[in-house]
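Student: Dropping the structure in here first, questions after.
The values are calculated or read from the model by the stated rules, or taken from the named source; none is laboratory data. Just so it is clear, the model here is predicted, and its values are computed rather than measured. Virtual Cβ from ideal backbone geometry, glycine too; neighbours counted across all protein chains shown. Just the protein is used for accessible areas: all its heavy atoms, side chains included, with ligands, DNA and RNA removed. Shrake-Rupley method; radii C 1.70, N 1.55, O 1.52, S 1.80 Å.
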Amino acid sequence: MEYTCEEIAKMIDHSLLRPELTEQEIIEGCEIAKKYNVASVCCRPSDVALAKKILAGSEVKVGAVVGFPHGSHRTETKVFEAELALKDGAEELDMVIHIGKLRSRDFDYVKKDIQAVVEVAHRHGAIVKVILENCYLTDELKQIGCRLAEEAGADFVKTSTGFAPGGATIEDLILMRQSVSPKVQVKAAGGVRDLDAALRVREVGATRFGATKTVEILEECKRRKAQTSGCC
């Protein structure tokens, strides 16, 4: 299937999560997101209010991470963090599951942890993407994690934080897409650095992907479209 550059842009959550980013770099990142009209910026909790200000008047949503990057915060902490992000203007939350609890097979804890964040987000009209951090999980636990996220009411399941040893793989995306119903979407994160990679993850069912190479991906899309149409 062919996608327009505008459609590809709306698959992108422009990532502004690196710990060393300065305030000026956050502003510049938001300006890039606005220029290319991507789906959202995904930023650090302390940057939400600034991102909201820079993106005012655009279609780009502000996303914030919760329990990032290890997921081991207490549930009450994740809820408080979510509430503050929503108050600052976040419309999307990317939360990390408690990876150790999933690996310990404490599935009740994992589900309730997700559910607590989902409930506060949905009350504010926001969506939740649940990060599994697949590189630490067996295929069985990836499937269980996806099912728990859906049972808890999550809107997306997401492969990874981008800060662990492994990121999104095609095999994992296929597995995740098969593990949830059509009402739950799939997001790829970690390793989508060019247009071909973006198209591959879309092909297997990921409707969003995290990217720091937004400019390169979308400029490459424009070049290819121009060549196809014969435009100089």
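Student: Where only protein heavy atoms count, and the probe is 1.4 Å, what is the accessible area per residue for the chain in Å²?
Tutor: 47
Student: Of the labelled options (i) 1.21; (ii) 0.97; (iii) 1.07, which one gives Rg/Rh (Cα atoms, Kirkwood Rh) as computed for this structure?
Tutor: Among (i) 1.21; (ii) 0.97; (iii) 1.07, the one derived from this structure is (ii).
Student: Size of region 114-154 along its principal axes in angstrom, Cα-based, largest extent first?
Tutor: The Cα atoms of region 114-154 stretch 34, 16, 12 Å along the principal axes, largest first.
Student: With θ taken as phi - 60° and the coefficients 6.51, -1.76 and 1.60, list the Karplus ³J(HN,Hα) couplings across region 152-161 in order, rounded to whole Hz; mark glycine and proline as x.
Tutor: Here the 3J(HN,Hα) series is 7, x, 5, 8, 9, 10, 10, 5, 6, 8 Hz.
Student: At a 1.4 Å probe radius, carbon and sulfur cover how many percent of the accessible area of region 1-72?
Tutor: The C+S portion of the solvent-accessible surface of region 1-72 is 53 percent.
Student: Okay, next question. Once both axes come from the Cα atoms, what is the angle between helix 23-36 and the longest principal axis of the chain, in degrees from 0 to 90, rounded to 10?
Tutor: It works out to around 60 degrees.
Student: Quote to one decimal, in nm, the extra length available between residue 107 and residue 203 on full extension: 0.36 nm per residue of separation minus the C-alpha distance between them.
Tutor: 31.5 nm
Student: Could you sort the peptides 146-159, 50-63 by per-residue average Cβ neighbour count (10 Å cutoff), highest mean leading?
Tutor: Final packing ranking: 146-159, 50-63.
Student: Which ³J(HN,Hα) values in Hz, rounded to whole numbers, follow from the phi angles of region 105-112 under the Karplus curve 6.51 cos²θ - 1.76 cosθ + 1.60, where θ = phi - 60° and Gly and Pro get x?
Tutor: Here the 3J(HN,Hα) series is 6, 8, 5, 5, 4, 4, 5, 5 Hz.
Student: Another one. Cα centroids of region 128-194 and region 53-108: how far apart, whole angstrom?
Tutor: When both Cα centres are located, 15 Å separates them.
Student: Explain nothing, just compute: Karplus ³J(HN,Hα) = 6.51 cos²θ - 1.76 cosθ + 1.60, θ = phi - 60°, for every residue of region 45-60 in order, whole Hz, x for Gly and Pro.
Tutor: x, 6, 9, 4, 4, 5, 4, 4, 5, 5, 8, 4, x, 9, 8, 6
Student: Tell me which residues come under 5 Å, amide H to amide H, from residue 207 once H is placed; ignore anything under 5 positions away on its chain.
Tutor: 186
Student: Using modelled amide H (1.01 Å from N, peptide plane; none on Pro or chain starts), what sits under 5 Å from the amide H of residue 66, excluding residues fewer than 5 places away?
Tutor: Under 5 Å from the amide H of residue 66: 94, 95, 96.
Student: Shifting gears a bit: Near the amide H of residue 128, under 5 Å away, which other amide H atoms are found, from residues 5 or more places off or on another chain, if H is placed in the peptide plane?
Tutor: Amide H neighbours of residue 128: 93, 155, 156.
Student: For region 126-232, what % of the accessible area comes from carbon and sulfur atoms, probe 1.4 Å?
Tutor: Answer for region 126-232 is 50 percent, counting heavy atoms of protein chains only.
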